[in-house]
Each structure stands twice: as structure tokens, then as C-alpha cells.
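Below is one structure; the comments refer to it alone.
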Amino acid sequence: MTSNYTVTVLGLGAMGLPMATRMASQLTVHGFDIAEPRLDLAAAAGIKTFASAREASQDADALLLAVRNGEQLNDVLFGENGVASVLKPGAVVILGSTVGTEAIPATVEKLAAYGVELVDAPLSGGPKRAGEGDLLIVVGAAPAALEKARPALELLASTLSIVGDKPGDGQALKTVNQLLCGVHIAAAAEALALADALGLDQEKTLAALEAGAAGSFMLSNRGPRILEAYTEDGAEVLSRLDIFVKDMGIVGKATRAAGLAAPVAAAAEQLYLLGQAQGLAAADDSAVIKVVAPAKRSK
């Protein structure tokens with residue numbers, strides 16, 4: 001991996017900036033964000049910044065996108081100021097977002113008209129792990145396209161799981177992943193709310209649960225933040241609650257399309273929807289405990 005490989009990162013937010021910074025340690029990284037302070041931070045980290053997404057995308061070997069949904073993906077690539085038309089033939093678009101499988105076929109077809117391939121590579125891990133190159137990335141891509149994306153992916157991932165040879169395979173596996181993650185967070189919130197209702201010390205309860213058969217990554221990761229949900233400022237926002245409104249919606253659509261009953265996932269989705277309706281959309285997803293128990297009971 002050498003600095004003559006150029007990656008463009010569009011969106012230098014909580015995930016985009018640490019990923020760009022990580023890649024800039026070995027690759028040439030171009031970046032763009034609509035927020036001027038994020039551009040300043042990126043420039044200080046050795047990232048070459050630009051005044052527009054189209055300028056940043058020219059001459060890139062790979063374009064890394066972290067978008068919210070399929071509609072935003074289409075707009076960034078093919079909208080009025082879309083960047084697909086300025087990408088050089090032979091470049092790859094690395095989709096790091098969870099958007100579901102529905103948007104993928106049309107995206108692949110439209111990119112092909114420009115000689116560009118899609119590497120479907122949704123990622124998991126959070127900002128800290130992004131900056132350390134410790135992400136889980138699941139990939140669906142043609143082998144040749146994957147090889148073009150490897151310099152970027154291998155810097156970002158501690159676990160790079162190739163799940164299929166076509167775009168959409170990564171989204172499918174990430175949908176399964178998000179079913180479990182969404183359920184685990186909701187279950188952790190319910191468990192710690194019950195501990196409080198029973199008069200137990202929540203911190204001691206969390207420590208005991210982590211040490212036993214009930215332990216899980218999500219319990220250990222979200223548990224401390226769940227306990228901060230009732231503080232004045234709440235937990236630091238590392239993963240917004242409305243992201244799981246989106247992701248559990250993708251899960252529900254996938255299960256219905258497959259004719260599969262998923263009552264546990266559906267119940268978890270309702271908790272996130274209730275949280276959004278109660279004004280918690282921009283709060284950390286650990287705030288879902290406040291849907292179950294609006295206030296702490298124990299002293």
C-alpha cells in the first residue's frame with residue numbers, strides 16, 4: 001500500500017473523519033464535508049480537503065461513502081451534483097453504509113455506465129475502532145473490484161469478511177447483523193431497567209451480567225452508556241437512536257420479503273420508534289431504556 005493510491009471520503013463526521021485519518025497514514029486521502037470545522041480537522045490530520053464533493057472525487061482510485069439510506073446514496077452519486085460522472089473509469093465506490101439490498105442493483109447498473117464498480121462493504125465498530133483500523137467489514141463484490149478496494153479496506157478492518165462475489169451480499173449479511181444488534185441493545189435496556197425496578201444497583205448488576213452467560217458485546221458496549229441515559233446530558237452520542245429506527249426497518253422489510261416471522265426484531269423496532277416519537281431520535285441509542293422506564297426508580 002503506497003501513497004499513490006487515492007481514496008476520497010465524502011462526509012467527515014463521527015465515522016468519516018477517523019476512517020480518513022486512519023487511511024491517510026499510508027494512502028493519499030481526499031475529503032469533503034459541508035461543515036467547515038470538519039474540513040479544518042481533516043486538513044490538520046493530513047487529509048487534502050476540497051470545496052465540493054465533485055472536486056474531491058476526481059482522480060480517486062476509490063470513493064468511500066457513508067450515507068444514511070438508498071435515496072441519499074442515489075443523490076450523492078447521480079443527483080444534480082452527483083459525483084459518479086467525475087469518477088475515472090476503473091475506480092470503485094466503497095459503500096460502507098447499511099442501506100439494505102433494494103438500492104444495490106440500480107446503483108450497480110448506473111455506475112457501470114461510467115466504468116465504475118460498486119464494492120458493497122457495510123461496516124461496524126464505531127468511531128474509536130474506525131480510527132484504530134479495528135472495524136468489522138462484510139463485503140460483497142466482484143473479485144476484481146474487491147482487489148481495487150483492498151488498500152483502503154485492509155487499513156480500516158481488523159476483520160474483513162468476504163461474504164459473496166456480488167454487491168448486495170454485504171448488505172444482506174449486515175441486515176442479519178443489525179437484527180441481532182438492535183435486539184441486544186433493546187434487551188440490555190430492558191434488563192437494566194428491571195434491575196433498577198427490583199432495587200438492585202445497576203452498575204453491580206451490569207458487572208455481574210457481563211461475567212456470566214448473559215454477557216454479550218452489546219451489553220458490555222452499551223451497558224455503561226445505558227446507565228448514563230438519565231444524566232443531564234445523557235450518554236455521549238456514538239450511535240444515534242434513529243439509526244436503529246432505519247436499520248430495524250430494513251430488517252423488517254427483509255423478513256417480510258422472505259416470508260419469515262421475526263417477532264423479537266419487530267418488538268425491538270417498536271421500542272426505537274417509540275423513542276424517536278418521544279424526541280430521542282438524536283440521542284445515543286442507549287437512551288432506549290427511557291422508553292422502557294422513563295425515570296430511574298432506585299436511589
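Structure values in brief
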quantity	calculated
Value of relative contact order over the chain, rounded to a whole percent, pairs C-alpha under 8 Å and six or more apart	13 percent
Percent of beta bridges antiparallel (DSSP, the chain, rounded to nearest 5)	15 percent
Contact order normalised by residue count of segment 3-166, Cα under 8 Å, 6+ apart, percent	20 percent
Partner aspartates and glutamates for LYS253 [C-alpha distance under 17 Å; skip if fewer than 8 residues away on the same chain]	GLU71, GLU102, ASP169, ASP242, GLU269
Accessible area per residue in Å² at 1.4 Å probe, computed on the chain	46 Å²
Residue-averaged [θ]222 nm for the chain, counting only DSSP H segments that reach four residues, each worth -39500 (n - 2.57)	-14500 deg cm²/dmol
Largest-first ordering by accessible area, 1.4 Å probe, given options ILE250, ILE243, ILE137	ILE243, ILE250, ILE137
Neighbourhood charge, 15 Å Cβ-Cβ cut-off, centred on ALA229 and excluding it, Lys, Arg +1 and Asp, Glu -1	-3
Taking segment 141-299 and dividing mean pair separation by its residue count, relative contact order in percent (alpha carbons under 8 Å, at least six apart)	28 percent
Values of log10 I(q)/I(0), in the order q = 0.13, 0.16, 0.22 Å⁻¹, for segment 172-292 under a Debye, Cα-only, solvent-free model	-0.49, -0.73, -1.24
Intensity falloff of the chain expressed as log10 I(q)/I(0), Debye formula with alpha-carbon point scatterers, at q = 0.14, 0.16 Å⁻¹	-1.04, -1.26
Segment 211-222 - phi-based ³J(HN,Hα) in whole Hz, Karplus 6.51/-1.76/1.60, Gly and Pro as x	7, x, 5, 7, x, 7, 4, 5, 4, 5, 6, 8
Net charge, LEU146 excluded, C-beta distance under 14 Å - Lys, Arg +1, Asp, Glu -1	-4
Neighbourhood net charge (12 Å Cβ-Cβ; Lys/Arg +1, Asp/Glu -1) for THR49	-2
Per-residue HN-Hα couplings for segment 168-173 [Karplus 6.51, -1.76, 1.60; θ = phi - 60°; Hz; x = Gly/Pro]	x, 5, x, 4, 5, 5
Sulfur and carbon atoms: percent of accessible area, segment 3-166 [1.4 Å]	51 percent
Cα principal axis extents for segment 3-166, largest first, Å	37, 35, 29
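The values are calculated or read from the model by the stated rules, or taken from the named source; none is laboratory data. Model, not experiment: these values are computed from the prediction. Glycine also receives a Cβ, built like all others from the backbone with ideal geometry; neighbour counts cover every protein chain displayed. Surface areas here come from the heavy atoms of the whole protein model, side chains and all, with no ligands, DNA or RNA. Shrake-Rupley method; radii C 1.70, N 1.55, O 1.52, S 1.80 Å.
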